[in-house]
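Heads up, the thing below is written out as structure tokens.
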Amino acid sequence: MVDDIVSEIKGEFESGGSWPYEVDGHRFRTNPFAEKWPDPSLFAGYEDELRRLRENIQRNVNTFITGPFGTGKTILTKTMYEVLTEVEEYEPVFVAVQKGRFSKTMAKRILDELGEPVDSTATSTELYDDVADALERRYEDGIRTVVFYDEVINGSEGTLRQILHLQRDVENWEPVLVFNGTAHMLDQIHGRIEPLSDRIGDEITLSGLDIDGVVELVNKRLRYYCRESEWGDGDGCSHDEGDLAPFTREAIELVHQDITPYPRHIRRECNEVIEAGARAEREVLDFEFVRATLAEETSRKLEQLSGHAADVVAVLDEQGPSTANGITEALEASSYHIQEALTELEKEGLIRATEGDRGIEYKLTEQTSRELSNLTQS
């Protein structure tokens, strides 16, 4: 009895109190868009890039996957990681590089991923020697190792140099390395560790999903979480036929049009909309409902911006698309603070980065521009 109550209370906390949500024959026990990455089968929108990464790995080409925050770099690499765990003759290693963590931590993580013993008293050099030995043994046994470094620039310069030495020191064969990070991170590697940048054979740039990719992403999420669909069984659920219920196609097209169409932002906005729909017990999440929900969410984000981020929004609203250098000059602020503000705005989905004649340019999303106009008029 107590266990049932505890489970029920926990479920209420996790769901926000609005679930389960039953609509038009579908039943969602929890919000389909709340979890970041529950299953690799939900991968959508970057099929060509995934195939290109597969070809690079097969050809031993080190790859840097780049794109602004939220474009799906980590999802792409985690998907390939999951694929390789199921393929004989490959052993993938995924290393999430965190700020403040240095080369010894990275070496320990690699050894742990490989199932190798870790000597807590060893020096950084000794640990990387252990990693090289482990990779060499796998090579001799016909096992190819692929090391994925997530947000690699977060590590110290020593980490980057150890990565370089690790690849050089494995005799006869070099482990395949896959990095991901923003274009700014790649520039830093070019400037700080040129020999490592020279070993990056291909750069895959993610620039956001087209409308078909967004529709696929939304449908897969709904299909996965709809209890009636039984994920791939195909019986009794229109999600298996591409349905978007409770969303309409026009509503999803609005989401794609009004925010930066990166997987993280699409998931987050759909999360907000479907939560609002569940609270209101709406059968259909149509164009007008989505527009009102997005407007409210964008207005809240604008009101909560930090000082530098608010200043950047004001410049982009007045001057239109601009580079980071252009914004820095307009505000007479430090480039560090402007880059931090741009990162904040990108993560919130209030601006989008595009390749322009002057390099990377930033502009307000349509939803942001519209809400700024509404706030000014009010």
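The string of couplings for the range 108-124 from the Karplus curve (6.51, -1.76, 1.60, θ = phi - 60°) is 4, 5, 5, 4, 5, 4, 7, x, 9, x, 10, 8, 5, 9, 6, 7, 4 Hz, one whole number per residue in order, with x for Gly and Pro. Put simply, the amide H of Thr205, placed in the peptide plane, has neighbours under 5 Å in Thr66, leaving out anything fewer than 5 places away on its chain. Each residue of the range 274-287 was assigned a 3J(HN,Hα) from its phi angle through the Karplus expression (A = 6.51, B = -1.76, C = 1.60, θ = phi - 60°), giving 6, 5, 4, x, 5, 5, 7, 6, 7, 6, 10, 9, 9, 3 Hz with x at Gly and Pro.
Ordering of 329-339, 291-301 by packing is 291-301, 329-339, highest average first (other Cβ atoms within 10 Å, averaged per residue).
The overall shape of the range 322-373 is prolate: from the C-alpha gyration tensor, with semi-axes ordered a ≥ b ≥ c, the ratio a/c is 1.5 or greater and a/b exceeds b/c. Just need the relative contact order of the range 308-378 here, percent rounded to a whole number, with Cα pairs under 8 Å and 6+ apart. For the range 308-378, the relative contact order is 33 percent. Computed from backbone phi with θ = phi - 60° and the Karplus coefficients 6.51, -1.76 and 1.60, the 3J(HN,Hα) list for the range 60-77 is 6, 9, 5, 10, 10, 9, 10, x, x, 4, x, 6, x, 4, 5, 4, 4, 5 Hz; x is used for glycine and proline.
How would you classify the range 28-112 from its alpha-carbon gyration tensor, with a ≥ b ≥ c the square roots of the eigenvalues: rounded for a/c under 1.5, else prolate if a/b is greater than b/c, otherwise oblate? In terms of gyration-tensor shape, oblate. Scanning residues 5 or more positions from Ala96 or on other chains, those with amide H under 5 Å from its amide H are Asp150, with H placed 1.01 Å from N in the peptide plane. Taking amide H positions as modeled 1.01 Å from N, with prolines and chain starts lacking one, the residues under 5 Å from Val23 and 5 or more places away or on another chain are Phe28.
Stretched out straight at 0.36 nm per residue, the stretch from Asp119 to Thr85 would grow longer than its current Cα-Cα span by 9.7 nm.
Coordinate-derived values only; no laboratory data. Remember, it's a predicted structure, so these values are computed and weren't measured experimentally. Here Cβ is always computed from backbone atoms with ideal geometry, including for glycine, and neighbour counts include all displayed protein chains.
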